[in-house]
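I have placed the structure first, in the form of structure tokens, so that the comments after it can refer back to it.
Bear in mind that the values in this text are calculations on the coordinates, not laboratory data. This structure is a prediction, so every number in the text was calculated from the model and none was measured. When we count neighbours, we look across all protein chains shown, and the Cβ atoms used for this are built from the backbone with ideal geometry, even at glycine.
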Amino acid sequence: MSESPAPSAEAVLLMVCRSVVSEPDDVSIEASADGDRVRLDVSVNADDMGRVIGRRGRVASAIRTVVGAAAAKDGVVTEVEFVE
């Protein structure tokens with residue numbers, strides 16, 4: 001993860017997502033940077049998509065908040081998207 005534009009944020013995102021889902025080995029993250037903004041696309045098993053989004057998107061919102069705090073250490077702003 002050393003070549004990632006936001007290594008701390010990516011590590012936190014991976015750890016949190018793996019702890020929420022039932023198939024942790026299926027979690028993958030793809031990062032793309034545009035200046036000081038980093039987009040993190042998270043892919044999970046189709047059966048786990050509801051778990052990472054949560055009711056009314058509360059889990060996803062909480063994940064974005066925690067990852068945003070970790071991104072401050074990296075000096076970037078993150079955008080977390082959950083993709084199928």
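Exactly one condition in (1) surrounded by 18 or more Cβ atoms within 10 Å (Cβ to Cβ); (2) in contact with an Asp or Glu (Cβ under 7 Å, 6 or more places away or on another chain); (3) of a type in the set (D, E) is not met by E10; state its number. So E10 meets the others, but not (2). For the stretch 1-52, filtered to residues that are of a type in the set (S, T, Y) and in contact with a strand residue (DSSP E or B) (Cβ under 9 Å, 6 or more places away or on another chain), the residue that is nearest to V77 (Cα to Cα) is S32.
Is one or more of the residues making up the stretch 69-80 free of Cβ contacts under 8 Å to residues at least 60 places away in the same chain, assigned to a helix (DSSP H, G or I), under 11 Å from the mean Cα position of the chain (by Cα) and surrounded by 15 or more Cβ atoms within 10 Å (Cβ to Cβ)? Checked the stretch 69-80: no residue is free of Cβ contacts under 8 Å to residues at least 60 places away in the same chain, assigned to a helix (DSSP H, G or I), under 11 Å from the mean Cα position of the chain (by Cα) and surrounded by 15 or more Cβ atoms within 10 Å (Cβ to Cβ). Scanning the stretch 46-59 for any residue that is in contact with a Ser or Thr (Cβ under 8 Å, 6 or more places away or on another chain) and either touching a residue at least 40 places away in the same chain (Cβ under 8 Å) or among the β-branched types (V, I, T) (or both) turns up nothing.
Could you list all residues from the stretch 29-48 that are surrounded by fewer than 12 Cβ atoms within 10 Å (Cβ to Cβ) and either under 12 Å from L13 (Cβ atoms) or not aliphatic (A, V, I, L, M) (or both)? Residues satisfying the conditions are S32, D34, G35, D47.
Working only within the stretch 52-65, note down all residues that are at negative phi and either surrounded by fewer than 16 Cβ atoms within 10 Å (Cβ to Cβ) or part of a strand (DSSP E or B) (or both). Once the filter is applied, which keeps residues that are at negative phi and either surrounded by fewer than 16 Cβ atoms within 10 Å (Cβ to Cβ) or part of a strand (DSSP E or B) (or both), the stretch 52-65 yields R55, R58, S61, A62, T65.
So, E3, is that one assigned to a strand (DSSP E or B) and loosely packed, with under 14 Cβ neighbours inside 10 Å or not? So E3 does not fit the description; no. Does S22 satisfy the condition of being loosely packed, with under 14 Cβ neighbours inside 10 Å, free of Cβ contacts under 8 Å to residues at least 60 places away in the same chain and part of a loop (DSSP other than H, G, I, E, B)? Yes: the conditions hold for S22.
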